[in-house]
Amino acid sequence: MSFNTGTCSSTNVMEEIRELIKDNRLSVSKLAQEIGISRKAFSRIINEHNKFVDMDILVYLCKKLGIKAIVID
């Protein structure tokens, strides 16, 4: 992610989210609870085991982690 602009490419958005969760030392369990899903379901999303992600979850994570834009290439 470009930390100056807060953008990332659509091809690696989940990778960026995983890295930001790790870098910010955020709890996967706490994030899952905030979203209203189980830790296991959340882990499946961020580890890309689910092919489709609810846009509300993606938007929430981007806002929480400071991702302001996703560039679709």
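The values are calculated or read from the model by the stated rules, or taken from the named source; none is laboratory data. Please read these numbers as outputs of a predicted model, since none were measured by experiment. We place every Cβ from the backbone using ideal geometry, glycine too, and count neighbours over all the protein chains shown.
Summary of values
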read-out	value
Yes/no for residue 11 being modelled with pLDDT under 85 and assigned to a loop (DSSP other than H, G, I, E, B)	no
Count of residues meeting criterion [under 11 Å from the mean Cα position of the chain (by Cα) and at pLDDT 90 or above] in region 33-56	2
Candidate set from region 24-73 (those that are polar (S, T, N, Q) and either touching a residue at least 24 places away in the same chain (Cβ under 8 Å) or farther than 16 Å from residue 13 by Cβ (or both)); member that is surrounded by the most Cβ atoms within 10 Å (Cβ to Cβ)	43
